[in-house]
Structures are given as C-alpha cells and as structure tokens.
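Engineer: My questions will all concern the structure given below.
Each reported figure results from applying straightforward, stated rules to the coordinates on display, with no laboratory input. Quick caveat: nothing in here was measured; it's all calculated off a predicted structure. Backbone-built Cβ (ideal geometry, glycine too); neighbour counts: all protein chains shown.
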Number of protein chains: 2
Amino acid sequence: MHWQMGWISNRRGPHPHMAGVTILDVARAAGVSTSTVSNLLNGRTERMLPETRQRVESTIRKLGYRPNRAARQLRTGKPQVIGLVVPSVGNPYWGALARHVEAAALTQGFHVLLCNSERDPGRERQYVDELVSDGIRGIVLCSSLPSLEHVSSLLEDGLRLVAFDRTAQATDPVGLINVSVDNTIGAELMGEHLVSLGHRRIAFVSGAIRSINRTERFEGFLRALERAGIARQDVVTWPGSSVDSQFGDVEAAELGRVATTELLAGPNPPTAIFAVNDMTAIGVCRAVRDAGLEVGQDVSVAGFDDIVLAELYSPALTTVRQPMKEMAAAAFRALHTPQDDDGSGTSLLFRPELVVRDSTGPLAG
Amino acid sequence: MHWQMGWISNRRGPHPHMAGVTILDVARAAGVSTSTVSNLLNGRTERMLPETRQRVESTIRKLGYRPNRAARQLRTGKPQVIGLVVPSVGNPYWGALARHVEAAALTQGFHVLLCNSERDPGRERQYVDELVSDGIRGIVLCSSLPSLEHVSSLLEDGLRLVAFDRTAQATDPVGLINVSVDNTIGAELMGEHLVSLGHRRIAFVSGAIRSINRTERFEGFLRALERAGIARQDVVTWPGSSVDSQFGDVEAAELGRVATTELLAGPNPPTAIFAVNDMTAIGVCRAVRDAGLEVGQDVSVAGFDDIVLAELYSPALTTVRQPMKEMAAAAFRALHTPQDDDGSGTSLLFRPELVVRDSTGPLAG
DNA sequence: ACTCCCTGGTGTAACGATGCACTGACCATA
DNA sequence: TATGGTCAGTGCATCGTTACACCAGGGAGT
C-alpha cells in the first residue's frame, strides 16, 4: 500500500522540519503522555511527581526539544511575538529603541517583528491591522499620528497596545498605554541650564508645533524661562516656513539649519538655541558655523533625545537624555500586564536627564 | 450535554482570534470546498473555471479573509518570515540595513524578525539556531565572526543563509551567499581621490586588520597609492594599541581618536587620513581638531559606508557610499532563489560610490 | 459498449501543541 | 463496605491550512 510507504518515509509530513523533535518524541522517550509534557511546559507542575518532572525535563534536554511556535500559536491563538512599528529604524533614535525592545523581549523568550511605517499613516494602520490578523496581541506603536482613535476597536478586542514617545491624551481610547519621557521636565531642565549660563535671549526651534512632544517641550521650556523672569512674549521662536511639513532624519536637520539662518540674520539674534531634538540641533549647529560663529562659544546650542550622534558630534551636543533602555523594558512589560480598568496607569512617564557637553557655554561678553 | 454548549459558544475554540474569518467561511460563502479556496490561494488556478475563480476571489474580498500564518506554517513548515541578525540595530549602519531589508520583505508579504547579537558570537549562534528551530528557512546574517563554518550543517539541511557585509572566503560552507559592497574598489576610489588632491603622506586607520572588510579596504587603498607611485612601505598605518579589540559604535570613534592623536604627534605626520569606516572617521576628525588643526584644510579625513551621520557631520564627511537599498533587496531576493550547485554566484558584490564632501581638500601649502 | 483521458473540482488526514474532562489507584473517614 | 477525596497523571478533540488521492461527468477513440 503506497499510503503506508508514504507514512513511513514521511513521518514528518510532506515538508519535514529541520529540528523535528516533537512533544510526542519527548513523551515517548520519557514514558509519559504528551499531556504531561505539555503540562510541564506550561507550568502546571503541581500535578506531577518531582521524579516524573525530572525525567521529562532531562529528556527534553537530551533530545534538544523546542516547542513549535506555529503549532502553539495555532492552538492558543497567542504567538510569542510582539510587533514593533516605528517610523524608520534607520533613524538612530528608533534604532536604539528597537534594540532595547528586542533585548527586553528576549528575556521572556519573545521575538520582535519589525515594521517601518516610513511616516505614512496608511502604512502604519495597515501594519497594525496585519499584525493583529496574524494573531499578534501586543504591539509597541511609535505613531506619527496625533490621534489613535482608529485603534480603539482593536483595543476593545483585547489587543495590547503601547504607544511609545507619546503621552496620554484626553481623547485616547481606553486600554491604551503611553510610554514617554517627561518632555516638560526635560525641557525645563534645559531651560534652566541655559538660563544658568547667563543666556536671556533663547530661541526654541522646531517645526510647526503640532505634535504632542513638541508642545510639551515648548511648555516646559517656557516654564523655566518664566521662572527666570523672562516674559513669554520675549521668547524667540521660529515662525515655520514652507520647508516645514512632515520631517524625518535628514530633513529635521535641514529645518534646524533654515530656521537658525533666519534667526541669526534677524534683529537681536538669540545667544542660545534650544532645538526640539538632536537632529534639528545638528542643523542648528551647521547654520551657526555657516554664520561665522562658534557653537558653544558665540551661540549655545542644545538638543533633546541624546541619540548616539549627540556624543559623537563636534562639538559634542548638550542634550536631554531619554532613559531608552528602561523605557523600552517598561513598554515591553506593559504589553503583558493586564489592563487596569480603573483608568489609571495609562501613561508611564520617565525622568529625563540633562547631559551637558560642549555645545553650550556661558554667555559671551 | 455541556460539550455541545461548549461547541456552540466556542466555534472559534478556547482562545478566539480577533480576525476570525477562516478558509471554511470563504468556502461556504462561495459554495465551494476549502480545497478550491486553498488552490486559488496557492496559485493552482489552472484547474479552475474562471467563473469559479472570480466568485471565490470576490468572496475573499467581501469577507476580508486573510490566511492564518500560524496554520499555514504548521502545515507547510515554511513561515512567511525571515530572520535578520545584526550586531546592533542601534548602530545607524545596521539600522539602515534593517530598514531596507524590511521594505524588500514587505513587497513579498514577508515579515522580518529582528535579532541583535550585540557582537556576542554565542548569542549570534543561538539566535540562528533558535530561528531555525522555529521553522524559519531564510536568514540574513551580519556576522561578527570571520568563519561561518558552524552553520554548514544548517545549510545542508536547506537553510537559506545570506551573509551581509562580507565577501566569500575559501573555507565558506557551500550554499552560503555573500552580499557586500566591493570594498577593494571603494577603497581604491578613495585612495585615488586623496592622491588627486595632492596628498602623498596618507594614513590608513583601523583596528587590528583581522576582519575581511578591513583587509580588503586596506588592499584597495594600497593599490591606488602604489599606482600613484607611493611605495607600500611609505604608507602610514597605525600599529594598534590596547584600546583595540572588538569595537562597535562609540568605541570605533574612540579608536579613531586615539590613533590620530598618536599619528599627528609622531614625526612626519600624515596630511590625509582614511578611516576604515565613518564612525572611526568621526573620531579621527575630533582628534584633528583637538590638535588645533582644521579638518579638510590642514588634514583631510575620509570614511567609508556613508551612514546618515556622514552627511550631517560637521564638516560633512567625504566617504564611500554603499548602495544599501539595492544590497538589502538583493539579500532578500537571494533568500528565495534556489542555490546554484555549480558553486558560482555565491558572492554578490556591489559597486560603491565616492561621495566627496567637506572633510577632504587639496594639500595645503 | 468499453476503456481511457481530461476537466474541474472535492474529501480528508495530517502538521504539533494544548487543556479540559476524565480515570485508576490509593487513602481516609463513616 | 461504601463513600468521598486527593493525586498523578492520560485521552482526545481542536486550532486553520494544505495537498495528495480521489471522483463525477463528458468526450474521444476503437
């Protein structure tokens, strides 16, 4: 009978896996049922003789058995995988996040599926839908969208969603957890730092202040200046221009450059410039130098984020550090803690740290 | 009978999925068998009335059906996922690769599992093993190991492995495909560029020349200088020091700094310095400035890779660009082309491009 | 009328793990 | 001797998809 030949030669099915030791192999070798092996694997050890447990465990090791994730997922509906959606992992900031999220996931045996939205809202939404329909129940989303209302139905269906680099908003769907640095405090620290160096005319450079992050950073910055007796209306900002739309990476630097060139050419130019992030700060530095001035000497420049670049740049950038590793770990953990229905704990704010390097210095003259 | 109640209320099983439209739902709605739907899904359309095909296709769309990846993998053994193992996605070079690999995968409906080896050979090996035993059959590996012999058994078992940023070696296991930029040509281009600027005393800075990349870059560099009549023994290199071990990211810059400081303090210092990569070049720049000299004016500095940073740095770095997007796409494609048993085509070399910016300039005086 | 082939499908046993409902053995109590 | 209660497991239906083996019905060749 040829079906029997098929059965014999094809114990592993039509497409044999490489690491083909199954739970059945373990069960047989240990002289127990697959149920017992499964029970052990899933922590139901209380119904088991320690001796049996030992035997099964050693069999698992001897055979090099590893549970098949696909089969497990098919059965449980929960894959050991989380999704990570970032604008672009080519950006050092998101690259660092991806690195630390993956490290955190690894400690719990989870894998990370990487998705680059390229700042395309449609693509971002599609990725989330796709991950969900692939059975993934936990996603770290770094959205470029101000509103996350479109995911509320997924949240209601049990998806665990962590929004990274974003603080909670009033209109947020319930169940959403936000992980972010405390932008307000960070900007306040930087404001204080610049004031303490003697600067009084300080500019804030960013794109059109629409995103939550930018708003918060601006607010914190203002707060520090007002405390130092600088009136709100005396704070220099850049009005924005045609360059200003959705920026990423290199464009952010370009924005800083354009803004600074205008600012320095104007009447009564600032002696210090606080950029909304490090990429922008780099563009600011370039413009300062292009104007024949020295960064840290003639004009102080500060950034935000503390990307790798900041330390390496020349001059090394004074900036506000986000505790990336801790934030990434918290984001991953939040994916597994059941949601608090009391509505609290939907925002995890981390304390930023002021990092003073060479791009800021005391007011000259 | 309570089992019946269970069956009724639990049509989706004990852990209901969110997007629960199955192939059976489609089959029923279209009035065909699941086999027919499956046949359509897998391109076996030749045995099918065009009319039937239309009906099934529109049903799929109407119901928003998406095949369950876990079930598909369980059956076929081949997940729609590839693995990407990089030293650290926090490094802009690898971040850029990850971004483009993911984009290439997306075009074919594949997802990318991200793994950071953190330059730990054990971790790198473990990741590969883990991916394989999870059923993944295609991996892009950016190894820190000079030899890849340990994966040969996996290759024999049908794993498709692409080694990125590495050229083929004599001892490579068969079936391994290498994707890399042509380091020799790239370095040659840079050597020519520096020579054409009038430099005669040019240093090559890297860690201990052990890795394949570094060796090739050094060779190409030498070739250009020899063609210009500069004897091999006159080429300045840095002997290496205690700082020199396995470097990554920030450490690479530090290496460049230390090396350059020594070089400039020595007798007859070089007028141009070619660093093995951009990170190192950045460290070189810092040391040049620390010595009171100006980059691009007093001393020319060149890098390799053209990471984002290079353009943003100040001065903008002259470097050798790797066509990352094309290389990433080729790496992904190589994962799916059957292996050529004739042994050819195991190395894909891409043509680099010289990018002249501000860090190099004509010999002063 | 009979075989043989072709077309356009269908039936169904797996893939590997899970976890509920069950059970046989043993002990304690009534 | 019933009765009940642990203990330490086991049996098996099930998740959604695939692909091989099969089959009905029609036409062509002999």
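Engineer: So which residue, out of A:L176, A:L255, A:L309, gets the largest mean-square fluctuation from a GNM of chain A using Cα contacts under 10 Å as springs?
Structural biologist: A:L309
Engineer: Sort B:40-53, B:347-360 for me by packing, meaning the mean count of neighbouring Cβ atoms within 10 Å per residue, highest on top.
Structural biologist: B:347-360, B:40-53
Engineer: Follow-up. Sorted from shortest, what are the nm distances separating the label point of B:A291 from equivalent points in the other copies, each placed 7 Å from Cα along Cα to C-beta?
Structural biologist: Distances to the matching label points in the other copies: 3.3 nm.
Engineer: Another question about this same structure. For helix A:278-290, what angle does its Cα long axis make with the longest principal axis of chain A, in degrees from 0 to 90 and rounded to 10?
Structural biologist: 30 degrees
Engineer: Here's another thing I want to ask about it. Taking Cα centroids, how far is the stretch A:177-209 from the stretch A:59-89 in Å?
Structural biologist: Spelled out, the Cα-based centre of one part sits 42 Å from the other.
Engineer: In the protein assembly as shown, what percentage of the DSSP-assigned beta bridges are antiparallel, given to the nearest 5?
Structural biologist: 10 percent
Engineer: Next question, about the same structure. Taking Cα atoms, how many degrees apart are the long axis of helix B:324-334 and the longest axis of chain B, rounded to 10 and kept between 0 and 90?
Structural biologist: 50 degrees
Engineer: State, to one decimal in nm, how far the label point of B:S35 lies from the label point of A:L63, with both points 7 Å from Cα in the Cβ direction.
Structural biologist: 3.3 nm
Engineer: Say each of A:Q297 and B:R333 gets a label point 7 Å from the Cα, pointing the same way as Cα to Cβ; how far apart are those two points in nm?
Structural biologist: 5.2 nm
Engineer: Of the listed pairs B:K62/B:K325; A:K62/A:K325; A:K325/B:K78; A:K62/B:K78, which have alpha-carbon separations greater than 30 Å here?
Structural biologist: The pairs that break the limit, which is 30 Å between Cα atoms, are B:K62/B:K325; A:K62/A:K325; A:K325/B:K78.
Engineer: Also: Quick check on the protein assembly as shown: helices-only [θ] at 222 nm, where DSSP H runs of length 4 and up contribute -39,500 (n - 2.57) each and the sum goes over total residues. Nearest 500, please.
Structural biologist: -13000 deg cm²/dmol
Engineer: Right, here's the next one. Which whole-number percent is the relative contact order of chain B (Cα, under 8 Å, 6+ apart)?
Structural biologist: Answer for chain B is 15 percent.
Engineer: Another one. Measuring nothing but label to label, 7 Å from Cα along Cα→Cβ, what are B:D25's distances to the other copies in nm, shortest first?
Structural biologist: Sorted ascending, the copy-to-copy spacings read 3.6 nm.
Engineer: May I ask you to derive the FRET efficiency for B:E311 and A:E262 from their Cβ-Cβ distance with R0 = 30 Å, giving the value to the nearest 0.05? Let's see the in-between values first.
Structural biologist: Details: r = 22 Å, r/R0 = 0.73.
That gives a FRET efficiency of 0.85.
Engineer: Using only atoms on other chains, find how many Cβ atoms lie within 10 Å of each Cβ of peptide B:127-133 and report the average.
Structural biologist: Mean partner-chain Cβ count within 10 Å for B:127-133: 4.
Engineer: Kindly give the distances from A:Q169 to its copy-mates, label point to label point, with each label point 7 Å from Cα along Cα→Cβ, as nm values to one decimal ordered shortest first.
Structural biologist: Distances to the matching label points in the other copies: 5.2 nm.
Engineer: Quick check on chain B: of the DSSP beta bridges with both residues there, what percent are antiparallel, nearest 5%? Could you put the intermediate results ahead of the total?
Structural biologist: Details: 3 of 35 bridges.
Bridges in chain B that DSSP calls antiparallel: roughly 10 percent.
Engineer: While we're here: With r defined as the distance between the Cβ atoms of A:Q126 and B:D157 and R0 fixed at 56 Å, what FRET efficiency is calculated, to the nearest 0.05?
Structural biologist: Using R0 = 56 Å, I get an efficiency of 0.95.
Engineer: Points 7 angstrom from Cα along the Cβ direction at A:R44 and B:T171: gap in nanometres?
Structural biologist: 5.0 nm
Engineer: Another question, then. By its C-alpha gyration tensor, with a ≥ b ≥ c as the square roots of the eigenvalues, how is the stretch B:183-323 shaped: rounded for a/c under 1.5, else prolate for a/b larger than b/c, else oblate?
Structural biologist: rounded
Engineer: Assign one of three labels to the protein assembly as shown, namely rounded, prolate or oblate, based on the Cα gyration tensor with a ≥ b ≥ c the square roots of its eigenvalues; rounded applies when a/c is under 1.5, prolate when it is not and a/b is larger than b/c, and oblate otherwise.
Structural biologist: oblate
Engineer: Taking the highest mean first, how do the peptides A:88-101, B:20-33, B:159-172 order by number of other beta carbon atoms within 10 angstrom per residue?
Structural biologist: On the way: A:88-101: 25.9, B:20-33: 16.8, B:159-172: 20.0.
Packing order, densest peptide first, comes out as A:88-101, B:159-172, B:20-33.
Engineer: Over the Cα atoms of chain B, each weighted equally, I'd like the Debye log10 I(q)/I(0) at q = 0.15 Å⁻¹, rounded to two decimals.
Structural biologist: -1.22
Engineer: Give the average, rounded to an integer, of partner chain Cβ atoms located within 10 angstrom of each Cβ in A:98-106.
Structural biologist: Mean partner shielding for this stretch: 5.
Engineer: Under 1.5 on a/c is rounded, so check that first for the stretch B:81-164, then, if it is not, pick prolate when a/b is larger than b/c and oblate when it is not; a ≥ b ≥ c are the square roots of the alpha carbon gyration tensor eigenvalues.
Structural biologist: Oblate, since a/c reaches 1.5 and b/c is not below a/b.
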